[in-house]
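Following: one structure in structure tokens, then a few remarks.
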Amino acid sequence: MLNILGQKTRYCDGISRRSFMKIGGLSAGALGGVSLADLMRADAASAARKSDKAIINIFLGGGPPHQDMWDIKTEAPAEIRGEFGPISTAVPDIRIGECFPQLAAMMDKLVVIRSVVGCSGGHDAFQCFSGWDRGSLGSLGGRPSIGSVLSKVYGPTSPSIPATVALAAKTQHGPWSEPGDPGFLGAAHQTFRPNGQGMDDLTLNGISLDRLQNRGQLLTSLDGLKRSADATGAMEGMDSFTQAAFGVLTSSKLADALDISKEPEAVRARYGDGKPYQYQYDGAPTCNDHILMARRLVEAGVRSVTLSFGRWDSHGKNFDLVRDHGGKLDQAVSALVEDLDERGMLDNVTVLVWGEFGRTPRINANGGRDHWPQVSCALMAGGGMKTGQAIGSTNRLGERAVNRPVDMQEIVATAYHNLGLDPMSTTIDDPSGRPQFLVDTREPIRELI
């Protein structure tokens, strides 16, 4: 861990600006402990291409109830329909759940997908961040996440900005806060976690971040830094890449992007803070300021930001949970889309909001809905897509897709298309040297491109 003293600015999940500078999470096991220097080495070795496209992938951990959000079933019996009614939106033919009035007002900039299929049923973010079942290519390390693919194909936009960043607060059920796995691409393309752990302690003695003048001064202040290459040769050229790595760690550009106190008060109020945190249990907080932070990160040049918003595993008190989580999500995501649009960034940034599966049509005895992988939902914005659409539909009871089923891989393929990668032709070599497609045989959603 690199511990750099800095100003104290408290974020919603208890991470302060000072604790942000305790950098870890870029050390991983595949090569016996790969450091951030390896990350920079791999980025420099890749044939990075220019791109200003980015993605913000908001994971609704636990499985959001499709029939209480974008697919209200007014004709279903009460034990299935539930407590929410539909409201009109900015697009005359589209109505969504009453908990989302601010998103309804900007439906011309959004896409709701009501017929998501292909959910593996895993209670984790893996499929939402990669498009694949967790077991795919498991013997080779598994499939990489979208962010890790961008790290491999494009590299970072600058030496001081990681290609992919994860903001998810740590959850008791760990898979709900996973950052996006690098899979067979290895730890060099691991997602950067501002509050991660993993590297041996490196301490700056007596030098605060504010007093730090240059990278050379930092290097001379480190205790116990070993500059010898390891036996595998993975750390060859360590000195130069270590300097680049510390360029990331100490970059004012990265630290500033994570410091939402630099935003005007009116902007922070528009996003909200998501407090008080309700129905969190073993999941993520409703951390609205992470969504603001995500905008700041992509504006600074990060290509992929993942985060986990709320705990949607509503086996009980489903409607109370949706009122709480839905209202906060409505505020933060509508602020994000508005913010990106006003800054001229919306066509270049894909916003994706979804969970690992849907919820049962029938309400259980505890007023909840249980797991339902048969069909789910998603919300998309930006990326140059043809918005103002509702795609697909389920049957009268919300049990299954009956019109235009949309596979999860089609959604990921659309994200890749928006990011400038052709999902039908782009390949990445796995460790055996065999080229692997980004998704299986799925094309982008034709209605959106």
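Of note:
- Scanning the range 90-101 for residues that are closer than 20 Å to Met385 by Cβ and surrounded by fewer than 23 Cβ atoms within 10 Å (Cβ to Cβ) returns Ala90, Val91, Pro92, Asp93, Ile94.
- Every condition in (1) touching a strand residue (DSSP E or B) at 6+ places or on another chain (Cβ under 8 Å); (2) of a type in the set (Phe, Trp, Tyr); (3) more than 24 Å from Lys328 (Cα to Cα) is met by Trp132 except one, and the failing one is (1).
- Failed condition for Gln436, given (1) in contact with a strand residue (DSSP E or B) (Cβ under 9 Å, 6 or more places away or on another chain); (2) surrounded by fewer than 23 Cβ atoms within 10 Å (Cβ to Cβ); (3) assigned to a loop (DSSP other than H, G, I, E, B); (4) not hydroxyl-bearing (Ser, Thr, Tyr): (3)
- Tyr277, sole failed condition from (1) among the aromatic types (Phe, Trp, Tyr); (2) at pLDDT 50 or above; (3) more than 23 Å from the chain's Cα centre (by Cα): (3)
- Of Pro423, Pro405, all but one fail to be touching a strand residue (DSSP E or B) at 6+ places or on another chain (Cβ under 6 Å) and of a type outside the set (A, V, I, L, M); the exception is Pro405.
- Filter result for Gly358 (farther than 30 Å from Glu338 by Cα and surrounded by 22 or more Cβ atoms within 10 Å (Cβ to Cβ)): no
- With respect to the conditions (1) surrounded by fewer than 17 Cβ atoms within 10 Å (Cβ to Cβ); (2) modelled with pLDDT under 95, Glu299 lacks only one, and its number is (2).
- Scanning the range 321-346 for residues that are within 15 Å of Gln102 (Cα to Cα) and of a type in the set (Gly, Ala, Ser) turns up Gly326, Gly327, Ala332, Ser334, Ala335.
- Those strands (runs of 3 or more DSSP E) of the range 304-415 in which at least 2 residues are closer than 23 Å to Ala257 by Cβ and at pLDDT 95 or above, considering only elements entirely within it, cover 304-308, 349-354, 376-382.
The values are calculated or read from the model by the stated rules, or taken from the named source; none is laboratory data. Treat the numbers as computed from the prediction; the structure is a model and nothing was measured. Every residue, glycine as well, gets a Cβ built from its backbone with ideal geometry; the counts of neighbours run over all protein chains shown.
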